[in-house]
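Visitor: Sharing a structure here in structure tokens format.
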Amino acid sequence: MKREMVLLPAMIGGLLTMTATPSPANSFCADRAEMVRSLADKFKENPTAVGQIDGSAVIEVFVSEKGSWTILATGTDGKSCVLSAGDGFQINVAALGEGA
């Protein structure tokens, strides 16, 4: 089964949780440790980048050697939700600056 077909319902559910009360039937959220383990086991993705949002959430980008990627948002409660996922991840070395 293609990755997109597996994650599409999860991504939609994850986006819905931002505007509605989450329920297990329509969201793809889990404890961060469980989500990180699942991304590593199923897609061989590892943390590559991280950023903070107003002290209330952390955004992480997980990437595999084959280029698949997933963006997670984790709240202060430790719950992570998939925001987006795809293939073809590339690092833009020029954007990193000199000496990076």
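Visitor: Can you sort VAL61, VAL50, VAL93 from fewest to most other Cβ atoms within 10 Å of each residue's own Cβ?
Guide: Lowest count first: VAL93, VAL50, VAL61.
Visitor: Taking the beta-carbon count within 10 Å as an exposure proxy, list CYS81, CYS29 from fewest neighbours to most.
Guide: Ordered from fewest to most neighbouring Cβ atoms within 10 Å, CYS81, CYS29 come out as CYS29, CYS81.
Visitor: To the nearest 0.05, what FRET efficiency results for GLN90 and VAL50 with a Förster distance of 22 Å applied to their C-beta separation? Walk me through the intermediate numbers first.
Guide: On the way: r = 18 Å, r/R0 = 0.83.
Computed FRET efficiency for GLN90 and VAL50 comes out at 0.75.
Visitor: Moving on. Could you give me the ³J(HN,Hα) list for the range 68-81, computed from phi with Karplus coefficients 6.51, -1.76, 1.60 and θ = phi - 60°, whole Hz, x at Gly and Pro?
Guide: The phi angles translate into 6, 8, 9, 10, 10, 10, 10, x, 5, 7, x, 8, 10, 10 Hz.
All of the numbers you see were taken from the coordinates with simple rules; none came from a lab. Quick caveat, the model's predicted, so the values are computed rather than measured. Please note: Cβ atoms are built from the backbone with ideal geometry, for glycine as well, and neighbour counts cover all protein chains shown.
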